[in-house]
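The values are calculated or read from the model by the stated rules, or taken from the named source; none is laboratory data. It should be emphasised that the depicted structure is a prediction, and the values quoted were computed from it without experimental measurement. So basically every Cβ, Gly included, is an ideal-geometry build from the backbone, and we count neighbours across all protein chains shown. Ligands, DNA and RNA are stripped out before the accessible areas are found, and what is left, the full protein with its side chains, is counted by its heavy atoms. Shrake-Rupley method; radii C 1.70, N 1.55, O 1.52, S 1.80 Å.
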Amino acid sequence: MKKLLFTTILSIFLINCSQNKQLSDNNSPKTTIEVEQQIQKILQQMTLKEKVGQMLNIGLPTILTGGYWDARDSAVFDTEKFKKFIIDYGVGSIHNTPGYPAKPKDWNRIIKTIQDAALSKTRLKIPVLYGIDDIHGANYVNGSVMFPHEIGLAATWNTELAKVCGDITSYESRAASLPWNFNPNIDVAMNPLWGRIGESFGEDPYLISQMAKAYIKGSQKDNLSDTLSTAVCLKHFIGYGAGRNGKDRANALIPENSLRQYYLPPFKAAIDAGAMGVMISSNSVNGIPCHINKYYITDILKGELEFKGVVISDFSDVEFLVEAHQSAKNMRDATKMAVNAGLDMIMNPYDAKIVDIIIDLVENKEIPISRINDAVTRILRLKLKLNLFEKPYNNSKFYKKFGSEKHIESNYKIAGESITLLKNSNNLLPLPLTKKVLVTGYAANSINVLNGAWSRSFLGIDTKYNNPSKYTILTAIQKQLSSNQVDYVEGTNYQEDINTDKVIQKARNSDYIIVCLGEQPATEKPSDINELALPKAQLNLVKRLAKLKKPIILVLVEGRPRIIKEIELLVDAIVMAYLPGQEGGRVVSDVLFGKINPSGKLPYTYPKYTGNILTYYHKKTDIRDVTWGYNGFYPQFEFGYGLSYSNYKYSNFTISKDTLKGIDKMEISVDVQNTGNYDGKEIVELYLKDMVATVAPDSKKLIRFSKISLKKGETKKVSFSINSKDLVSVGIHNKWVIEEGDFELQIGGNPQKLIKKKFYYKN
């Protein structure tokens, strides 16, 4: 019996060792010299057609049976198309889904079929690089966890959680043999009309940079050859979130100093953190399409920022140079302009015509062969770093933590820390468990609204892919309370009234009213809107309920900060959920009833009026008011704002010197005490204001932050160290400078109640 027990334990141990070995025992990562030598060895053997084939990224449906946009429930390869693209043209990369969210095992079959052909039936046996939009988790892999969208992740102000999100996303993507992630989105989102603000880290370059670096560390680990690592692809370079009219792919007007002050820093930080992919923005900046802007791609991205990875176009964007931008008269001219500008890989989803065009352009000396060699070098570099030549796909059975309870719990924690309490009159929240509530509103009983776009499908509106084990806000509340304590009436859909009269009737018998308003799932062009205010039907629901004089809790499920000025005064509490993902229902309910003490803070400025939209880092002249004073900045809620069920007191703000010289450092500290009745988490925000500068200084800029846990009654000292690099700004000649003079440090957890201290900088 003992012998049998020992044998069983030993077997289990060996199986676990074998599984761990499958995930982590790669060949030792090649040195930089070895990688570069192998690139040159391959490059020297390649024909022009083989080189240009590497520059093509097609959509997966192009090699499947049926039409490109057909809905499918299985992936069947078209033999003729497969041979044409994978073997004859030797395409370098593929993206997109098969038309449905495949499970890891099915993804493995798809990728294995492609890679086996590339490695056995092409002359040089170069593997294919597969890219996918893992926007909030491995969202196109059936069974994966789906996190809050990036705007919610940013609201946690917790870089460790961003790292965890990157780590789990990478793990669950690699379980499906998907090694390249078209994420994170590090656009600086200054215009709240923009429909993809929910996919970004918000408006602040420093917060974006810190969250992006942490996400990249989680994704890429210490080296990309690890079978738990995925390569990131930063997007979108540059100015996608700055469209003049707030619409998707709209022209942005960005002067050089603004480009360098606000838009480039997140890309520099992410590239310095090891990012190996950059996707070019679909829009134009100052009228020049980004895909043909050689100054941006070659001079700045590859030159100044020393980016060594792959620069890829967005979907069909070379074609759109003809159709949308009208910057090229035909596809040949568009291709020539884009490749010469520095584009390495072209996402041309439907066909390989562009390969023939590039070959012709090279042979006619309209594209230099050196430009092609540079592009292919970068593509091979990424494939070698990912170890795709040795391990082009994985076996999902070894990824035991895929969709696991551990991953679900991490998702719950991230969503929990993202929730931002914007109002809590008379400490209405948390609600007691003994009262009766009415739940109503468009967002109250929808998994799709919680998940948003990029959730098993592009727009995230297909209910057939929903996980039945996940809770809506309503069903989570029903689980918290007994059945006779919860009433539900839908009230409205996104834009129209359904049964508000019935809502009013039910509300009369309730102690509290929980109204869940929100946006419909959308991204890219379908996310364009003309009004930042929520639809009238949703606002009217709140207005009618307010006449009952019952306590109203407003829950907002939205990526953008939709204007609520007409109803803000009518409600007693406001909970901002952003797009919280699969655990959003549980998390919102747990915040409402006190299981979670909210600790999120806004990663953007929440406007009050459509005609007064400013980021927090505005110029003083921007806020000149009608009486010639300077009170013209009146958002609904400021960047960095968020309440808690606890209260926090700041004291003993000290700086180590009152004059900072040259490269000296300054030490900063402040005591933070939890004076409330709940344990909680507080975000300590440190801002800097340049008092006088030749280029008008911003109102302030975020330079440090720290999220700390405090038990009730506990006090902690929070310390930061800064130096002259934190003081720089882009000067009149578009160079980073520091002008001698006064600066002001501002610290606290509430942007309206910051403690301030001045110091002098001397060159």
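Before moving on, here are some points about what is shown:
- Residue satisfying condition, being open to solvent by less than 10 Å² (accessible area, probe 1.4 Å), over 29 Å from Leu384 (Cβ atoms) and either in contact (Cβ under 8 Å) with a residue 12 or more places away in the chain or touching a strand residue (DSSP E or B) at 6+ places or on another chain (Cβ under 6 Å) (or both), within set Thr156, Thr169: Thr156
- Search result, residues across the stretch 84-141 that are among the aromatic types (Phe, Trp, Tyr), closer than 19 Å to Lys397 by Cα and open to solvent by 10 Å² or more (accessible area, probe 1.4 Å): Tyr140
- Of residues in the stretch 724-763 being among the β-branched types (Val, Ile, Thr) and assigned to a loop (DSSP other than H, G, I, E, B), the one most open to solvent (accessible area, probe 1.4 Å): Ile732
- Residues within the stretch 681-702 that are open to solvent by less than 10 Å² (accessible area, probe 1.4 Å) and over 21 Å from Lys756 (Cα atoms), tallied: 0
So that you can scan it fast, the table gives a plain yes or no per residue for (1) acidic (Asp, Glu); (2) open to solvent by 30 Å² or more (accessible area, probe 1.4 Å):
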site	(1), (2)
Ala324	no, yes
Lys336	no, yes
Ile354	no, no
Glu363	yes, yes
Asn395	no, yes
Lys401	no, yes
Ser404	no, no
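- Residue count, the stretch 452-467 (criterion: assigned to a helix (DSSP H, G or I) and not β-branched (Val, Ile, Thr)): 2
- One residue from Lys479, Lys470 being open to solvent by 30 Å² or more (accessible area, probe 1.4 Å), under 25 Å from Gly594 (Cα atoms), in contact with a helix residue (DSSP H, G or I) (Cβ under 8 Å, 6 or more places away or on another chain) and assigned to a loop (DSSP other than H, G, I, E, B): Lys470
- Residue within the stretch 221-239 that is touching a residue at least 12 places away in the same chain (Cβ under 8 Å), buried (at least 19 other Cβ atoms within 10 Å of the Cβ) and in a helix (DSSP H, G or I) present: no
- Residue within the stretch 379-387 that is among the β-branched types (Val, Ile, Thr) and open to solvent by 20 Å² or more (accessible area, probe 1.4 Å) present: no
- Boolean, Thr463 is out of contact with any Lys or Arg (no Cβ under 6 Å at 6 or more places or on another chain), under 22 Å from Ile564 (Cβ atoms) and not hydrophobic (A, V, I, L, M, F, W, C): no
- Every residue from the stretch 69-84 that is within 20 Å of Lys353 (Cα to Cα) and under 32 Å from the mean Cα position of the chain (by Cα): Trp69
- Of the residues making up the stretch 406-421, just one is outside any helix (DSSP H, G or I) and surrounded by fewer than 22 Cβ atoms within 10 Å (Cβ to Cβ), namely Leu421.
Residue-by-condition table, conditions (1) within 27 Å of the chain's Cα centre (by Cα); (2) small (Gly, Ala, Ser); (3) farther than 30 Å from Thr159 by Cα; (4) in a loop (DSSP other than H, G, I, E, B):
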position: Asn387; (1), (2), (3), (4): yes, no, no, yes
position: Pro432; (1), (2), (3), (4): no, no, yes, yes
position: Asn445; (1), (2), (3), (4): yes, no, yes, yes
position: Tyr494; (1), (2), (3), (4): yes, no, yes, yes
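- Qualifying residue in the stretch 175-188 (condition: over 30 Å from Gly143 (Cβ atoms), part of a strand (DSSP E or B) and either out of contact with any Ser or Thr (no Cβ under 9 Å at 6 or more places or on another chain) or not small (Gly, Ala, Ser) (or both)): no
- Being among the β-branched types (Val, Ile, Thr), under 14 Å from Asn57 (Cα atoms), at pLDDT 95 or above and assigned to a loop (DSSP other than H, G, I, E, B) is a description that does not apply to Val355.
- Evaluation of Asn191 against (1) more than 23 Å from His95 (Cα to Cα); (2) out of contact with any Gly (no Cβ under 8 Å at 6 or more places or on another chain); (3) touching a residue at least 12 places away in the same chain (Cβ under 8 Å) (one fails), failing number: (2)
- The stretch 556-589: number of residues that are open to solvent by 10 Å² or more (accessible area, probe 1.4 Å) and within 17 Å of the chain's Cα centre (by Cα): 3
- Enumeration of residues in the stretch 241-287 that are of a type in the set (A, V, I, L, M), in contact with a helix residue (DSSP H, G or I) (Cβ under 8 Å, 6 or more places away or on another chain) and in a strand (DSSP E or B): Ala252, Val278, Ile280, Val285
- Failed item in (1) buried (at least 24 other Cβ atoms within 10 Å of the Cβ); (2) of a type in the set (A, V, I, L, M); (3) without any contact (Cβ under 8 Å) to a residue 60 or more places away in the chain, with Ile197 passing the rest: (3)
Let's see how each residue does on (1) under 17 Å from Ala155 (Cβ atoms); (2) not aliphatic (A, V, I, L, M):
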{"position": "Leu570", "(1), (2)": "no, no"}
{"position": "Ile574", "(1), (2)": "yes, no"}
{"position": "Val587", "(1), (2)": "yes, no"}
{"position": "Lys601", "(1), (2)": "yes, yes"}
{"position": "Tyr606", "(1), (2)": "yes, yes"}
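- Total residues in the stretch 68-93 satisfying the condition of being in a loop (DSSP other than H, G, I, E, B), of a type in the set (Gly, Ala, Ser) and under 17 Å from Asn57 (Cβ atoms): the figure is 2.
- Among residues that are closer than 26 Å to Glu685 by Cα and buried (at least 24 other Cβ atoms within 10 Å of the Cβ), Pro635 is not included.
- From the list Glu80, Glu50, the one residue that fits, being free of Cβ contacts under 8 Å to residues at least 40 places away in the same chain and farther than 29 Å from Ser455 by Cα, is Glu80.
- Here is the figure for the stretch 709-723: residues that are closer than 26 Å to Leu161 by Cα, out of contact with any Leu (no Cβ under 7 Å at 6 or more places or on another chain) and open to solvent by 20 Å² or more (accessible area, probe 1.4 Å) total 9.
- Look at (1) free of Cβ contacts under 8 Å to residues at least 24 places away in the same chain; (2) among the small types (Gly, Ala, Ser); (3) crowded, with 22+ Cβ neighbours inside 10 Å and you find that Gly600 fails only one, number (1).
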